[in-house]
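Report on the structure given below.
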Amino acid sequence: MATVLVVDDEQSLLFLLQQIVEEEGHNVLIAENGKNALQIVEEQQPGLVISDVMMPLMNGYQLLEKIKNNPAWRNIKVVLISAAPINRDTPHHADAYLSKPYDLNSIDELLSQMMQ
């Protein structure tokens, strides 16, 4: 069992992901934007962050950069999710990418891969 931080500014998607991850037996932390997520990472250091890309205050790319630039957090796995095309040409790459809309099987497979 791992601690997973789910980040999304859309309440319905945030709670859907929370339920899916909890059903897989993981502890779930939630944040509604990248800024709040960064505070949770600092306090809790989850093993996995699943983050939407387009959010207010701090987007998913900025959150990814902050996590991967910090030596204490570099091993935290980050998955970026977006309905728009994902920019993979960034200085730091996510451990996985997922396009919206996603199905439950893709989330289950993703969790299995990331938790190995």
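Given the structure, is Met54 surrounded by 17 or more Cβ atoms within 10 Å (Cβ to Cβ) and outside any strand (DSSP E or B)? Step through it out loud before you land on a result.
Values: surrounded by 17 or more Cβ atoms within 10 Å (Cβ to Cβ): no; outside any strand (DSSP E or B): yes.
No: the conditions fail for Met54.
Somewhere in the range 8-17, is a residue outside any loop (DSSP other than H, G, I, E, B), under 13 Å from the mean Cα position of the chain (by Cα) and at pLDDT 95 or above? No. Counting the residues of the range 22-71 that are of a type in the set (D, E, K, R) and touching a strand residue (DSSP E or B) at 6+ places or on another chain (Cβ under 6 Å) gives 2.
Of all residues in the range 59-95, those that are modelled with pLDDT of 90 or more and not in a loop (DSSP other than H, G, I, E, B) total 15.
May I ask you to verify whether Asp9 is of a type in the set (D, E, K, R), closer than 17 Å to Leu111 by Cα and either in contact (Cβ under 8 Å) with a residue 40 or more places away in the chain or buried (at least 17 other Cβ atoms within 10 Å of the Cβ) (or both)? Lay out the reasoning, then the answer.
Numbers: of a type in the set (D, E, K, R): yes; closer than 17 Å to Leu111 by Cα: no; either in contact (Cβ under 8 Å) with a residue 40 or more places away in the chain or buried (at least 17 other Cβ atoms within 10 Å of the Cβ) (or both): yes.
Taking the combined requirement at face value, the residue does not satisfy it.
One residue alone among Ala94, Ala37, Ala72 is open to solvent by 40 Å² or more (accessible area, probe 1.4 Å) and among the small types (Gly, Ala, Ser), and that residue is Ala72. Taken together, the residues in the range 18-34 that are in a helix (DSSP H, G or I) and buried (at least 16 other Cβ atoms within 10 Å of the Cβ) amount to 4.
Could you list, in sequence order, the residues of the range 18-38 that are among the hydrophobic types (A, V, I, L, M, F, W, C) and either at pLDDT 95 or above or on the phi > 0 side of the Ramachandran plot (or both)?
The first filter runs over the range 18-38 and keeps only residues among the hydrophobic types (A, V, I, L, M, F, W, C), leaving 20-21, 28-31, 37-38.
Result: Val28, Leu29, Ile30, Ala31, Ala37, Leu38.
Can you tell me which residues in the range 29-40 are within 19 Å of Met1 (Cα to Cα) and within 11 Å of the chain's Cα centre (by Cα)? Reasoning before the result, please.
Residues of the range 29-40 within 19 Å of Met1 (Cα to Cα): 29-30, 40.
Matches in the range 29-40: Leu29, Ile30.
The values are calculated or read from the model by the stated rules, or taken from the named source; none is laboratory data. Source: prediction; values computed, not measured. We place every Cβ from the backbone using ideal geometry, glycine too, and count neighbours over all the protein chains shown. The accessibility values were calculated without ligands, DNA or RNA, using every heavy atom of the protein model including side chains. Shrake-Rupley method; radii C 1.70, N 1.55, O 1.52, S 1.80 Å.
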